[in-house]
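One structure below.
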Amino acid sequence: MQHEAFATPRRPLLTAGVAIGIGLGGFLDGIVFHQILQLHHMFSARFAPTSVPHLEFNMLWDGVFHLFTWAMTAVGVWLLFDAARRPDVPWCGTTLLGAMAVGWGAFNLVEGAVDHHLLEVHHVVERLGASAWDWAFLASGALLIGGGIALIRSSPASALRQRDVAPGPARYEMR
């Protein structure tokens, strides 16, 4: 049986939040781990960035990765605007935040499982190789998903939008 927090009227808001969470979670990964801390690049386990050609190759694929995260964020924002136009979609910040946490967690689980464990194209801390950090990354994904689901379930299932209760023209009408 489906929990009422995941019922059909909320689905557009949940979908938008998950897409935004995937995109922003990926951006955070790329900015913090790839650029600021420089712990790894997309293919640094296969092409160590110890030469200019290998560094250029890794930078290219870091860019492709960032393009994917940007696209997911853009799709999520588009879906959010689409949900905002629908009067049947309950508008709730807690639901959106929970869905974003689920998206970020899903990103960590999929990216961690595929890139760190299955394909071994990079590890969280490349100089250590396969390590507890790779498992911690997966655990962070599971925790984010669990926390996101808890937030979604705790949000009011009958959240009303301001425009649904205010008399007169819709304040947030989009044309």
Completion exercise
Candidates for volume of the Cα convex hull per residue in Å³ are (1) 133; (2) 248; (3) 120, and the calculated one carries label (3)
Handout entry: Residue among Pro49, Ala84, Leu151 farthest towards the positive dipole end of the chain, charges placed on Cβ
Key = Ala84
Handout entry: Estimated dipole of the range 13-155 in Debye, rounded to 20 [Cβ of Lys and Arg +1, of Asp and Glu -1, Cα centre]
Key = 360 debye
Practice task
Mind telling me which of Leu118, Leu14, Leu55 comes out most flexible in a GNM of the chain, alpha-carbon contacts under 10 Å?
Solution key: Leu118
Handout entry: Length-normalised contact order of the range 37-96 in % [C-alpha pairs under 8 Å, at least 6 apart]
Key = 22 percent
Practice task
Could you please state, rounded to a whole Å, how far the C-alpha centre of the range 106-154 is from the C-alpha centre of the range 23-75?
Solution key: 16 Å
Handout entry: Virtual spin-label span in nm between Leu67 and Asp88, 7 Å along Cα→Cβ
Key = 3.7 nm
Practice task
Compare the Cα positions of Ile31, Ala113, Thr8 along the charge dipole of the chain (+1 at Cβ of Lys, Arg; -1 at Cβ of Asp, Glu; about the Cα centre) and return the one farthest towards the positive end.
Solution key: Thr8
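Taken together, the values in this text are just the output of simple stated rules run on the coordinates, not laboratory data. No experiment lies behind these values; they were computed from the predicted model shown. Cβ coordinates were reconstructed from backbone atoms using ideal geometry, including for glycine residues, and neighbour counts include every protein chain displayed.
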